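Reviewing the structure listed below.
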Amino acid sequence: MSDHTHKRTKKKTHTSNHANSKHSKIVRTKKKGKKKQMPKQSKVVRRTKKRFATRLPDPQPVPIMEPISQGLQTDILPEFAQDFCHMIADTQEVPIHSPVMVCMAALASLVQGHFVAHVRRGFKEQLPLYTAVLLGSGEKKSPTQNAILEPLREIDKEVQRAWEAKFDEVESHKAVIEQQIKIVQRKIPRNAGKAEQKRFADEICKLRQSMIVHPRTQLIAEDFTEAALVDVLKDSDERILVASDEGALLENLKGRFGNKSGEYSLFLKAHDGTEFKFDRRSDNRRITLETPLISTTIAFQPEVMAATTQTERILGNGLVQRFLWTKPEPKAGRREFNSIPFCSETHSVYCDAITQIYKTLERNTQCHQVRLTTDAQIEHAVFEQYIDRLMRPAFVTGHGAIKGWCNKLPGQAVRIATIKVICEHIVSLSEFDPESIVVDASDMKAAIQFCKQLIPHARDAISLLEGGSTTALQKVLDHFSANGWPTGDFCSNHIFKKVRSKSVKRCSNLDPVIQILLEHKYLFKTNPSGKSGPTTQYYRANECLPPAME
């Protein structure tokens, strides 16, 4: 073997020995106190196993948007009204939402103008309520409304009969005064001076002031125009209930005449008792309503809501946001026809209570303040904070009408609680003492819980006016609820591809959505190895959520 070959072999042997020597240092025993080193790959595997073995189970996600509940809380009504509403729902086999919403507006029409809710300094609430029920054909909307409003209609008939009894006397007196005014006018000479003209003018003015005024008070209005409703309010102490069971109210609000300009102004003002001025074109006269108050209850089909014209104007002026919406599941096609008997005693108690409330408050000419206890104020403040969290961009798209609706919800809760307390006080006590009426924490809690139940109803109802659009958050929840949540790591672009639409045009539109999902434990941040992009954030779904089918 040549010298060159011998050197090469020797070099290889030296390298092999060097490797063995190095390896012997790595696995050297505990004599020198060194730790046994493992290959790099084995160490990574061991760390990974340790990490997953110690991770705690995912907590249950916090609900974001509750589905529409089939039931409805009824303890926001006085006991006599609760019993009657349940009886109507059982005997007619209709959703409990329908009688409850009509009854709320009926009670509000009785107490509005007589009381004001004082929440805190600088924050007062008038007591009108606007309620709306969306139900399809065959859901007995008219029979339900007629049953709830029956005692009010009977009172209204008595008022009309009393007015008609005095009508002939008033008209006769009016004819006499008008004839006397004509006689005075004939006595005025053509060349009368200023002093003489003033004397005749004062005499005519006194005659007109002596004319007996007999306003035609009305409790309920159904078919109207804005001009007619202004006259009715002027003669009815600026208080009235507007009821419609077939969507006629919505048609009136849209406008009956050729220009279809809509007649919203009075309803916008009357919800808060703001001064309203109406210029009558027929006699060139301005009518001023200082504190108009209207409570409203309507029931119509969802198709009518979806086909409403002037959507931009209706959503933009705040009228829709003043209504308490319900969209219950229909009963038609699922009725059992058990023939539950109609309880005459429950009906009699309800009618007597309505009559007692009306007569008690008609004798009361002052407007009283109802205050909230300290605990009730705290409950209301917490509810305001809860509503403020719903004002995030993820909850609002399109016209953002649901945002305006939610903003009014704390005030609606105060109204609901106050109306219940007033009615219970009048019915349960023999003596009427308005100064002793207060809203406590339990009444406020019940009203707040009721308002929370209405949020998904309002979301669906307003979505019909917005052309069926939903929020970005709702789109994400609907998609993954139907198809399951991803089982691996994913980024926001993965969600964007699933829910891309007119309301979600860019991946950045999902940033507030993902933030809410993280806060409610639907998603968790991850940092998977091997993923490209130093700025890309990855997520994983909560293990408690239903996974997507492979």
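The values are calculated or read from the model by the stated rules, or taken from the named source; none is laboratory data. For clarity, every value in this text was computed on a predicted model and none was experimentally measured. Here Cβ is always computed from backbone atoms with ideal geometry, including for glycine, and neighbour counts include all displayed protein chains.
Under the condition of being over 20 Å from GLN218 (Cα atoms) and in a strand (DSSP E or B), which residue from the stretch 268-288 is modelled with the lowest pLDDT?
That would be ARG280.
Just to be sure I understand, how many residues within the stretch 117-146 are free of Cβ contacts under 8 Å to residues at least 40 places away in the same chain and either under 14 Å from GLN412 (Cβ atoms) or small (Gly, Ala, Ser) (or both)?
Result for the stretch 117-146: 2.
Please go through the stretch 507-535 and pick out each residue that is modelled with pLDDT of 80 or more, outside any helix (DSSP H, G or I) and over 16 Å from GLN60 (Cβ atoms).
LYS525, THR526
Is there any pair with a first residue in the stretch 289-304 that is modelled with pLDDT under 90 and a second that is part of a helix (DSSP H, G or I) and among the basic types (Lys, Arg) whose Cβ atoms are under 9 Å apart and which are 6 or more apart or on different chains, and what are they?
From residues that are modelled with pLDDT under 90, the pairs are LEU289/LYS234; LEU289/LYS269; ALA299/LYS141; PHE300/LYS141; GLN301/LYS141.
Kindly indicate whether any position in the stretch 108-115 is out of contact with any helix residue (DSSP H, G or I) (no Cβ under 8 Å at 6 or more places or on another chain) and either of a type in the set (Asp, Glu) or at pLDDT below 90 (or both).
Scanning the stretch 108-115, I find no residue that is out of contact with any helix residue (DSSP H, G or I) (no Cβ under 8 Å at 6 or more places or on another chain) and either of a type in the set (Asp, Glu) or at pLDDT below 90 (or both), so the answer is no.
Could you check, for the stretch 63-75, whether at least one of its residues is at pLDDT below 95, more than 30 Å from ASN542 (Cβ to Cβ) and assigned to a helix (DSSP H, G or I)?
No, because not a single residue in the stretch 63-75 is at pLDDT below 95, more than 30 Å from ASN542 (Cβ to Cβ) and assigned to a helix (DSSP H, G or I).
Collect the residues in the stretch 131-175 that are assigned to a strand (DSSP E or B) and more than 27 Å from ASP352 (Cβ to Cβ), keeping them in residue-number order.
ALA132, LEU134
Are any of the residues in the stretch 437-453 in the same structural domain as ASP352 (by TED's automatic domain parsing) and more than 18 Å from GLN73 (Cβ to Cβ)?
First pass over the stretch 437-453, keeping only residues in the same structural domain as ASP352 (by TED's automatic domain parsing): 437-453.
Filter once more, so that each one left must be more than 18 Å from GLN73 (Cβ to Cβ): 437-438.
Yes, the stretch 437-453 contains a residue that is in the same structural domain as ASP352 (by TED's automatic domain parsing) and more than 18 Å from GLN73 (Cβ to Cβ).
Going through the stretch 156-182 one residue at a time, which ones are touching a residue at least 12 places away in the same chain (Cβ under 8 Å) and among the β-branched types (Val, Ile, Thr)?
Scanning the stretch 156-182 gives VAL159, VAL170, ILE177, ILE181.
What pairs come out if I take residues in the stretch 473-485 that are touching a residue at least 40 places away in the same chain (Cβ under 8 Å) and in the same structural domain as LEU523 (by TED's automatic domain parsing) and pair them with residues that are assigned to a strand (DSSP E or B) and surrounded by 21 or more Cβ atoms within 10 Å (Cβ to Cβ) whose C-beta lies under 6 Å away, six or more apart or interchain?
TRP485/ALA541
Based on this model, can you work out whether ILE422 counts as touching a strand residue (DSSP E or B) at 6+ places or on another chain (Cβ under 7 Å) and not hydroxyl-bearing (Ser, Thr, Tyr)?
The answer is yes for ILE422.
Report, by residue number, each residue of the stretch 180-194 that is more than 11 Å from ARG208 (Cα to Cα) and assigned to a helix (DSSP H, G or I).
LYS182, ILE183, VAL184, GLN185, ARG186, LYS187, LYS194 - these are the residues of the stretch 180-194 that are more than 11 Å from ARG208 (Cα to Cα) and assigned to a helix (DSSP H, G or I).
Residue check, ARG506 against (1) without any contact (Cβ under 8 Å) to a residue 24 or more places away in the chain; (2) in contact with a helix residue (DSSP H, G or I) (Cβ under 6 Å, 6 or more places away or on another chain), all met but one. Which one?
Just one mismatch for ARG506, condition (2).
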